[in-house]
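Participant: Sharing a structure below in structure tokens format, with a few things to ask.
Read-outs: derived from the displayed coordinates by stated rules, not from any lab. Because the structure is a prediction, the values reported are computed rather than measured. When we count neighbours, we look across all protein chains shown, and the Cβ atoms used for this are built from the backbone with ideal geometry, even at glycine.
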Amino acid sequence: MRHILFALACVAFGVGGALTPAAAQELQNSQVEIAYVEPANATYRPIYERLRARQVLEELRFFLAPLRLPRKVLVTIDQCDAPDRAYRPGGPVTVCYEYVQQLRELAAKIPADSKTQRGVSRGDAIVGAFVQVVLQRMSSAVFDILDIPLWGREQDAADKLAGFLMLQFGTPTARKLLNGAAYFFEASDRTWTGSDFSDTRGTEAQRFYNYLCIAYGEDRRTFSDFVESQGMGRRGEQRLDVLPEARAARCPKEYADLKWAFDSTIMPNVDQDLLEKVMARKDWLRADDGR
Amino acid sequence: MSGNTPHMNRAVGLFSQGLVSVLAIAVLAIAATLLGLALWPDRLAAQSAPALTNDQIEILYSEPNASYFRPIYERYKKRQVLEQLKEFLSPLVLPPGITLRITAKECGAVNSWWSGRASGLFLCYEWPDFAERVAPLDITGDGVTREGAVLGAFLQVTFHELGHAMFDIYEIPVFGREEDAADQMAGFILSQFGRGVARRTLPGAAYLWQQLGNSDGPWRRDAFSDEHGHPLQRAYNYLCMAYGADPETFRHYVDDGLLPKDRAPNCAREFRQIRAAFVQTMLPHIDPVKLRLVQSRNDWLMPEGSEPIPK
């Protein structure tokens, strides 16, 4: 499962990542169908070309090989004529060119060859946000197809499963992905008032903190700099780009609950032999990824 | 998500027709307590159903220190709120060695909480007091009555905390945010009383959060780090559960703009998700024999629209 993320990261970073024919044939999830839909708007054509050349969806299908799905699911990259398109039961998983464009624009707020105070580079922001949206949409489909009992709001559940999967990459990559995913929500300047709160999704600020909390909950030492007490500003002012201590204290339990939910509902649908084979691949990222 | 088996549907039906009766008793008892009224005939209070007991549930009324809360304490005891709640919960099959403790107490804050398996569930006297202060003096333009606001606020927090207890005791997988999940548990239970009770309680539950949300100014980013949702998110979630459970009864939520048209079409699906989660994770822990016994006590259920009987 963790290698799905490597593959997606590979795409986002701009790595070729082509599979050997033998490996691709052996490890494919025949229940996952893919399609790159050519955008009508020429603005998105470079994104289309790039993602297609990088075989993003082929990589996703490859890395979903261990997941036993009782029915087919179509995964597409498409022009949505809207900022985003949520997964609907039975319907395709769609990542919108518009969304990819937006995440690239937000990442561009970070100067090239620079990092945010929390250590997010422009490349991290692009990779993390892209992997996040793909895994979040795929998580919704997995809940639907496997008929997973869902307590809590579905969109939050999909965020949490996506964050959980990001952590399976191993520490360095997980940090890039989660930090980058969190940045995407952190960078939004949307203000919520009144009926905005009727949205089925959490606010960007909530989702930002949730991703940091998943990371910190999994490994308090590695992600200690995601917490306020470890990351006060130089003048001692309160930072708004890290977890407040009050929330951080609860994150280990939140993560334990998330892991229990995964182990008890999704893991029984994962083929362990295929998982081992998928995990044997090690060279998913390159040094110039994300540039 | 919506693919219930016939067995599941029968089970949900049992829940709706049986356990709901007991729940309704608890609702009315608690309502009576909050409002200082007697909503059921004395014969019902005098009756006991030995079969609807559960030795793994313990209840305790803790005497308050503040004289201010003494009337609430006395009313709780007199109306046997916790005894009614215990009966309502008696069909729960608790794991061996687990005791569900429910304590009514003065907490020093407007709160109620699940404190883990050892300490149990704490229902604070401050909460009904707070609910009465927030409740409208007269019926609102949206049709929320004072009684409904108090009742809904009290029941939503009680069943919300009960939700935390169930998730913990039964080790129920919770993929979403647990605080939202606990609200869903509360909303689902309140929606299972039939139209009359749902009309009286769910709008009240939403009203509380609307009032709290509207009284707040804009939140700074770090306020959103709380594991609870924004009060307005919680209000919309309750409105959505009500509409999702019964679009006909709560259609005015959409017509009057209380529930935005962007959210409303999704509510039926959201409710099916909650019902499916309940069926898959909670129903296996409910004793079917006791459920049938609960069904046999339908005479406890007050007719919808019954007026309170002053003591």
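Participant: Based on the Cβ-Cβ distance of residue B:78 and residue A:81, what FRET efficiency does E = 1/(1 + (r/R0)^6) give at R0 = 51 Å, to the nearest 0.05?
Facilitator: Values: r = 63 Å, r/R0 = 1.23.
Computed FRET efficiency for residue B:78 and residue A:81: 0.20.
Participant: Continuing with this model, one more query. Pull up the DSSP beta bridges for segment A:23-136 and report the antiparallel fraction as a percent, rounded to 5. Walk me through the intermediate numbers first.
Facilitator: On the way: 1 of 10 bridges.
So the antiparallel bridges in segment A:23-136 amount to around 10 percent.
Participant: Also, I was wondering about something else. Using mean Cβ contacts within 10 Å as the protection proxy, how do A:181-194, A:127-140, B:270-283 order, highest first? Working shown, then result.
Facilitator: Details: A:181-194: 18.8, A:127-140: 26.3, B:270-283: 21.3.
Ranked from most to least packed, the peptides come out as A:127-140, B:270-283, A:181-194.
Participant: Let me ask you something else. Going by how many other beta carbons lie within 10 Å of each one, how would you line up B:172, A:110, fewest first?
Facilitator: Ordered by Cβ neighbours within 10 Å, fewest first: A:110, B:172.
Participant: Considering only C-alpha atoms, what is the centroid distance from segment A:54-95 to segment A:112-130, in Å?
Facilitator: Comparing the Cα centres of segment A:54-95 and segment A:112-130, I get a distance of 25 Å.
Participant: Expected output is a single nm value to one decimal: the length gained when fully extending between residue B:66 and residue B:117, i.e. 0.36 nm times separation in residues minus the C-alpha distance. What is it? Could you put the intermediate results ahead of the total?
Facilitator: Working: separation 51, 0.36 × 51 = 18.36 nm, distance 2.76 nm.
Between residue B:66 and residue B:117, full extension yields an extra 15.6 nm.
Participant: Right, next: For peptide B:232-240, compute the average count of partner chain beta-carbon atoms within 10 Å of each residue's beta-carbon.
Facilitator: Values: counts 7, 10, 1, 2, 6, 4, 0, 1, 2.
Partner-chain Cβ atoms within 10 Å, mean over residues of B:232-240: 4.
Participant: Could you work out the per residue convex hull volume over the alpha carbons of segment A:120-277, in cubic angstrom?
Facilitator: Values: hull volume 21.0 nm³, N = 158.
In segment A:120-277, the Cα hull volume divided by residue count equals 133 Å³.
Participant: Separate question: Of the cross-linked pairs A:253/B:105; A:72/B:290; A:176/B:261; A:176/A:277; A:160/B:77; B:77/B:290, which ones have a Cα-Cα span greater than 32 Å in the structure shown? Don't jump to the answer; show the numbers that get you there.
Facilitator: Details: A:253/B:105 27 Å; A:72/B:290 42 Å; A:176/B:261 38 Å; A:176/A:277 24 Å; A:160/B:77 43 Å; B:77/B:290 25 Å.
Among A:253/B:105; A:72/B:290; A:176/B:261; A:176/A:277; A:160/B:77; B:77/B:290, the Cα-Cα distance tops 32 Å for A:72/B:290; A:176/B:261; A:160/B:77.
Participant: Rounded to whole Å, give me the distance from the Cα center of segment B:78-101 to that of segment B:228-257.
Facilitator: Computed from Cα coordinates, the inter-centre distance equals 30 Å.
Participant: May I ask you to evaluate 6.51 cos²θ - 1.76 cosθ + 1.60, the Karplus curve with θ = phi - 60°, for each residue of segment B:52-68 and list the ³J(HN,Hα) values in order in whole Hz, giving x for glycine and proline?
Facilitator: 8, 10, 8, 5, 8, 10, 10, 10, 8, 9, 8, 5, x, 7, 6, 5, 4
Participant: Also, quick follow-up: Which order do the peptides A:63-69, B:112-118 take when ranked by the mean count of other beta-carbon atoms within 10 Å per residue, highest first? Present the calculation step by step, with values, prior to reporting the outcome.
Facilitator: On the way: A:63-69: 20.4, B:112-118: 15.4.
Output ranking for A:63-69, B:112-118: A:63-69, B:112-118.
Participant: So, one more: May I ask you to compute the full-extension gain from residue A:69 to residue A:40, defined as 0.36 nm times their residue separation minus their alpha-carbon distance, rounded to one decimal in nm? Please list the in-between numbers first.
Facilitator: Numbers: separation 29, 0.36 × 29 = 10.44 nm, distance 3.22 nm.
Extending this stretch completely gives an extra 7.2 nm.
Participant: Pull up all non-local amide H partners of residue A:150: gap of 5 or more, or a different chain, and H-to-H distance under 5 Å with H placed in the peptide plane.
Facilitator: B:277
Participant: Alpha carbon centre of segment B:54-74 versus segment B:150-214: separation in Å?
Facilitator: Between the Cα centres of segment B:54-74 and segment B:150-214 lies a distance of 22 Å.
Participant: Whose amide H sits under 5 Å from the amide H of residue A:239, counting only residues 5 or more places off or on another chain, with H placed in the peptide plane?
Facilitator: The answer is A:233.
Participant: Amide H to amide H, which residues 5 or more places from residue A:227 or on other chains are under 5 Å from it, using H placed in the peptide plane?
Facilitator: Hits under the 5 Å cutoff: A:243.
Participant: Roughly how crowded by other chains is peptide A:77-89, in terms of the mean Cβ count from those chains within 10 Å of each of its Cβ atoms?
Facilitator: Details: counts 0, 0, 0, 0, 0, 0, 0, 0, 0, 1, 0, 2, 6.
Mean partner-chain Cβ count within 10 Å for A:77-89: 1.
Participant: Ok, one more. Determine, for each peptide in A:73-85, A:50-62, the mean count of other beta carbons within 10 angstrom over its residues, then list the peptides with the highest first. Intermediate values should be presented prior to the final figure.
Facilitator: Details: A:73-85: 16.5, A:50-62: 20.3.
Ranking, from highest mean packing down: A:50-62, A:73-85.
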